[in-house]
Structure formats: C-alpha cells, structure tokens
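Written below as structure tokens is the structure these notes are about.
The values are calculated or read from the model by the stated rules, or taken from the named source; none is laboratory data. All of these numbers come straight from a predicted model, not from anything done at the bench. Because the Cβ atoms are built from the backbone with ideal geometry, glycine has one as well, and the counts that use them run over all protein chains shown.
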Ligand code: AMP
Ligand code: GLY
C-alpha cells in the first residue's frame, strides 16, 4: 500500500521511518517532509495547506491511506474532506479535533463525561474573567481557548500576573485571536505523563507511556519549549495507574465522543498530571506528541502501516500493536537562541557517525544549503535510541549525541533521568 504522511517535523520523520519498515507498506510519501525524510520516503512540496490541496495530492499519488501528523490540518477539517470524497485517512474529524482545538470545548466535555481534570471557569470578557479570578487561589493557570502553538498557557503566581495575562489575552497581544476566550484553572501539582491511545472511533488501544521534558534547561528550569526530549518506559505508570487512565480517560472519552455524534478516530494524547488525588487530564491533543513519537516508534514492534490502515477502517485489533520491552529515549538538539529568536544556517555534522551507533536521528528544523545540512528551526534533531534498561537507553542516546555538532547547539543532559527512580 502507498501511504501519504502530512507534516514536516521530527514526529513526521519518525512516522515515515516506521512506515517504511512496515511489511504492508510499499511506498511512503511525505508532504512536505524535511531533509531527513528522503532516505525513507519521497518528499513532496506543499504549496497550499488546505484540505482541498491535500486531497488533490493524495488522489494524484493514488495514496491508499493518509496519516496526519500535526493538529492544524485536523482542526481545519482535512479528515472530513477526505472522508466525504471517499479517501481513507487516519485522524479525527473537525468536530472530534475540538478536543485540542478548543480548550473550552475540551474542559466542558471532560466535565460532562466525568473525566478527572482541574476545576475551571471560562470567560469571554475581561469582566467575566475578573469575577472568575475571585473563585481561585494562587497560583492559578490562565489558558487561551484556541490553538496557540504552545504559548497559550500561563501559570500565574499572583493577581498582578493574572491581570496582565488577561490583558494580553483579550487585547490579542499574547496569542492573537486564540486568546479571545480564556480559561482560568486550578493549579495542579505532580509528575506529568504523556499517555496516548490509538482509537478507531469505538475501541482504543494504549501506546506505552512516555514523558516529555518541556523546559529548555536541565532540572526543568527556564522557559517552556515544544519539548527538549522524551523517553518511553512501561514503568512510568503502575498497572493500576494504567488501568485507571484507560478506563477513566481513554475509554470514557471515546465512548462519550461516539455518543455525542463525533466519534474520535486517531491518536488521542492525554497530558496527565499524576496528582495526590490520582491522574488528572491537563489537556488533550488529537495527534501524536513530538518528541514522544520518536521514542515511542523506536520501541514499536509491529506493522505500523497495517495498524493505522485497520484503525482508519474502524477495525483496530490489540494483536496488531506491540512494543519491545526496552525503554527508549529521544534527546532533542536545539538551535542557538531557542525557544526565543532562533539562529539559522549553522552547519550540522556527525549524523552518520551518530547513526552508526544504532541511533535513529530524526530531523526537524534542518535545511540543505549549498549541499550542506544546516540548522533551520528551533528543534533541529531528535537523537533516539533504546537499551535493555533505562540507564542503558540514556547512555546509548547521549553517546550518539556526542558525535553531532553545530554552533550554538543546546542539549539537556537529564532526559530520562526522572525515570531512573523506578528501576
Ligand atoms: P497544556 O498546553 O494545557 O498542556 O499546558 C502546558 C503546560 O502547562 C503543561 O504541560 C503543564 O506543565 C502546565 N499546566 C497546564 N495546566 C496546568 C494546571 N492546571 N496545573 C498545573 N500546570 C498546568
Ligand atoms: N510533546 C508535547 C506535544 O506534542 O504536545
């Protein structure tokens, strides 16, 4: 079968790589992909990112299945458009993608379905927001309702920060139109876990748990990024925690979405906070995580293409999904200046040497210039490896990273370290 992947990041490079290893897949296309993709797929330029343009491309290629990486095309309705035109695609419809596209929708849905989540109020005017603030203790969390590329969440330690955050949201200065509606939320504490399920609209299968590392500096210090590294290890959740998350979050979400007439087919990503009151959902994403995907797919031990094909047809089976027991880890190498203003054009060396250690090096913010690979975005590469223990996986990944160089390279040295206490 021919599979088309939409997107251009490290997640999509990893998806294309895993599909290229799938016995059921003959050809992988990525639109647009990145400079790492041509070794595993055919990259196609994208001149327009509308559902119509993607449909025309899938038709022209004769794609048997299209897999959507990022959230934006899902929220734009690419799945509805493919389905209306009789093409197979894996991902949620526009209605189901509201679980990520609107935080207000998502929180009201969780409240109705009885899914554990932080207490919240939403507001569309500064007056409503001001009275909502009175209902919460500090610190509290203010979130923009709409998609804000990871910039829509502000933790406010005191009233003056909350007031200036609200001013910035409602004026559009912080995140544009995404902030015209806001949520005010109770602040939760605990360890964060990424728990992702694969749903065919009716059943949901759990992927192995993983953990992201959001801040730029070691020890969870500094500003937030898109994710500086992730690891996947079954020990992140106990059997009880996993059962609870499956029952109270994954199954409940899929069943309630079905009942609401918006069945959720696709990857359902629950950002969980492991609180003293039990696991609670911080947010839903309607796609795989980046860089969680790079670590997860490194451990996956099954025909990924067949799994997605059957899920897209509403027929996912537990026997199609399998993971190796070995933990895996993805260490992100970021560009100078990230997560602020990023410098581009630094020459990258050492990828082949890193891969000769058995690592997979997934590209994200890279470009070819004058026949040289250079930095071209914040998160540049994701160096991914596994090992028989978490410590071995960490050592393997960092040994591979040591081969790679570019000026201004930023790397966290503690990816996976918080998982060592479970061994
Ligand atoms: P989100 O985009 O909703 O995942 O939020 C981004 C990050 O903000 C999360 O990964 C958490 O670290 C933090 N966060 C979000 N909501 C809360 C909350 N209610 N309490 C504490 N931290 C939160
Ligand atoms: N790694 C977090 C995310 O993909 O949203």
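General observations
- Complete set of residues in the range 41-69 that are assigned to a loop (DSSP other than H, G, I, E, B) and over 22 Å from the mean Cα position of the chain (by Cα): 44, 45, 47, 48, 62, 63, 64
- Residue list for the range 164-188, filter: assigned to a loop (DSSP other than H, G, I, E, B), touching a residue at least 12 places away in the same chain (Cβ under 8 Å) and surrounded by fewer than 21 Cβ atoms within 10 Å (Cβ to Cβ): 180, 187, 188
- Meets criteria (modelled with pLDDT under 95, under 30 Å from residue 93 (Cβ atoms) and under 18 Å from the mean Cα position of the chain (by Cα)) for residue 224: yes
- Among residues of the range 212-252 being in contact (Cβ under 8 Å) with a residue 60 or more places away in the chain, in a strand (DSSP E or B) and over 14 Å from residue 332 (Cβ atoms), the one that is nearest to ligand 1 (Cβ to nearest atom) is 223.
- Qualifying residue in the range 166-178 (condition: within 15 Å of ligand 1 (Cβ to nearest atom) and more than 21 Å from the chain's Cα centre (by Cα)): yes
Rundown of residues vs (1) in contact with a strand residue (DSSP E or B) (Cβ under 8 Å, 6 or more places away or on another chain); (2) crowded, with 24+ Cβ neighbours inside 10 Å, yes/no style:
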| residue | (1), (2) |
| --- | --- |
| 243 | no, no |
| 253 | yes, yes |
| 258 | no, no |
| 274 | yes, no |
| 278 | no, no |
| 285 | yes, no |
| 293 | no, yes |
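- Screening the range 253-371 for helices (runs of 4 or more DSSP H) wholly inside it with 1 or more residues that are within 20 Å of residue 415 (Cα to Cα) returns the ranges 292-299, 351-355.
- If you go through the range 192-207 and keep only what is in contact with a strand residue (DSSP E or B) (Cβ under 7 Å, 6 or more places away or on another chain) and either without any contact (Cβ under 8 Å) to a residue 12 or more places away in the chain or away from ligand 2 (no atom under 15 Å from the Cβ) (or both), you end up with 198, 199, 200, 201, 204, 205, 206.
- Annotation: of all residues in the range 136-161 being at pLDDT 95 or above and closer than 30 Å to residue 247 by Cβ, the one that is farthest from ligand 1 (Cβ to nearest atom) is 136.
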